[in-house]
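**Q** Below: one structure in structure tokens.
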Amino acid sequence: MRKKIVAGNWKMNNNRTETKNLIKSLKELKFSSHVRVMIAPALIHLAEAEEMTSGSIIEVIAQNMNSAESGAFTGEISAGMLQSIGVKKVILGHSERRTFYNESDESLKDKVSTALKNDMEFIFCFGEQLSDRKSNSHFDVIKAQLSNALFHLSSSSWSNVILAYEPVWAIGTGETASPEQAQEMHNYIRSMIAEKYHQSLADCVSILYGGSLKPSNASAIFSQPDVDGGLIGGASLKVDDFYTIVQSV
Ligand code: PGA
């Protein structure tokens, strides 16, 4: 059956000392074994983070990678580079990448292929804009994002996929989806996977919620049957907040 996951996306925050201090503090905590705990420090700190967390429950995940294996792509990093420092997981399609770096379902499909070719596990992020929700087209938007980027995959590839539903209007805004809104969408996502593949496969896919999760709202959202954990931005930078969120799942 699917596992609970809480992942902290540190985005472009924390210099080297801050990164090391945060990891040190996290390593002192006792996490339950029913949850996978992941952290996504900035790319430049990944190797050190990987070394510091080796042997602990904390898993290191990259925030992004390029779809090409190598070549003239200034400023980019490849799956092979991540693998060479022991990082075997990556976040793909975060809304900030889609918004600021023009990542599209089409380009994400290539990144998904590269991740799978390199046998990497990935958190695939997707979510609707506020205007989509207001016009009641949020289900169609989610359906398109998932089918464009993921529904060509074979059933066996899905063991590398973790989904993160992140309504764009809730990311970094302080606005959260209500537990009911989160459950409604997560249930829709799971039924779409069941329809395309099989119920048993859908039951194995972890679907995380992301968007202004914090200690005060995490339990209510995590208690929904189809919410399997969270992708945490701002609150993952504070060790106490992140720990409380992990404890809530
Ligand atoms: P937030 O970010 O928790 O700061 O809203 C979530 C995310 O970007 O994944």
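The values are calculated or read from the model by the stated rules, or taken from the named source; none is laboratory data. In this text the structure is predicted, and so the values were computed from the model without any measurement. Quick reminder, even Gly has a Cβ in these numbers, built from the backbone with ideal geometry, and neighbours come from all protein chains shown. The accessibility values were calculated without ligands, DNA or RNA, using every heavy atom of the protein model including side chains. Shrake-Rupley method; radii C 1.70, N 1.55, O 1.52, S 1.80 Å.
**Q** Out of the stretch 166-184, which residues are within 11 Å of the ligand (Cβ to nearest atom) and surrounded by fewer than 17 Cβ atoms within 10 Å (Cβ to Cβ)?
**A** Gly172, Thr173, Gly174, Glu175, listed by residue number.
**Q** Another question, if that's okay. Somewhere in the stretch 99-107, is a residue away from the ligand (no atom under 16 Å from the Cβ) and more than 30 Å from Ser178 (Cα to Cα)?
**A** For the stretch 99-107, residues away from the ligand (no atom under 16 Å from the Cβ) and more than 30 Å from Ser178 (Cα to Cα): present.
**Q** On to the next question. Among the residues that make up the stretch 152-165, is at least one of them near the ligand (Cβ under 10 Å from one of its atoms), open to solvent by less than 10 Å² (accessible area, probe 1.4 Å) and outside any helix (DSSP H, G or I)? First the steps, then the outcome.
**A** Restricting attention to the stretch 152-165, the residues satisfying the condition of being near the ligand (Cβ under 10 Å from one of its atoms) are 164.
Checking the rest, the ones that are also open to solvent by less than 10 Å² (accessible area, probe 1.4 Å) come to 164.
If we keep only those that are outside any helix (DSSP H, G or I) as well, we get 164.
Yes; the residues of the stretch 152-165 include at least one that is near the ligand (Cβ under 10 Å from one of its atoms), open to solvent by less than 10 Å² (accessible area, probe 1.4 Å) and outside any helix (DSSP H, G or I).
**Q** Right, here's the next one. Output the number of residues of the stretch 195-243 satisfying the condition of being assigned to a helix (DSSP H, G or I) and small (Gly, Ala, Ser).
**A** Residues in the stretch 195-243 being assigned to a helix (DSSP H, G or I) and small (Gly, Ala, Ser): 9 in total.
Condition check ((1) on the phi < 0 side of the Ramachandran plot; (2) more than 16 Å from the ligand (Cβ to nearest atom); (3) open to solvent by 40 Å² or more (accessible area, probe 1.4 Å)) across all residues:
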residue	(1), (2), (3)
Thr74	yes, yes, yes
Val87	yes, yes, no
Leu92	yes, no, no
Val112	yes, yes, no
Asp119	no, yes, yes
Phe122	yes, no, no
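**Q** In the set Tyr209, Tyr243, which member is within 14 Å of the chain's Cα centre (by Cα), more than 9 Å from the ligand (Cβ to nearest atom) and within 22 Å of Leu26 (Cβ to Cβ)?
**A** From the options Tyr209, Tyr243, the qualifying one is Tyr209.
**Q** Also, I was wondering about something else. Give me the residue from the stretch 1-23 that is farther than 23 Å from Ser248 by Cβ and part of a helix (DSSP H, G or I) and, out of that set, nearest to the chain's Cα centre (by Cα).
**A** The extreme case among them is Thr19.
**Q** Looking at Asn136, Asn148, can you tell me which residue is part of a helix (DSSP H, G or I), more than 16 Å from the ligand (Cβ to nearest atom), over 17 Å from the mean Cα position of the chain (by Cα) and over 21 Å from Lys3 (Cα atoms)? Spell out the reasoning first.
**A** Values: Asn136 fails: part of a helix (DSSP H, G or I).
Every option except Asn148 fails the conditions.
**Q** Considering every residue within the stretch 64-87, establish whether at least one is part of a strand (DSSP E or B), of a type outside the set (D, E, K, R) and closer than 23 Å to Ala164 by Cα. Give the derivation first.
**A** Taking the stretch 64-87 first, the residues part of a strand (DSSP E or B) are none.
No, the conditions are met nowhere in the stretch 64-87.
**Q** Then there's this: Counting only residues that are among the polar types (S, T, N, Q) and either touching a strand residue (DSSP E or B) at 6+ places or on another chain (Cβ under 6 Å) or more than 10 Å from the ligand (Cβ to nearest atom) (or both), which one in the stretch 212-240 is most open to solvent (accessible area, probe 1.4 Å)?
**A** Ser216
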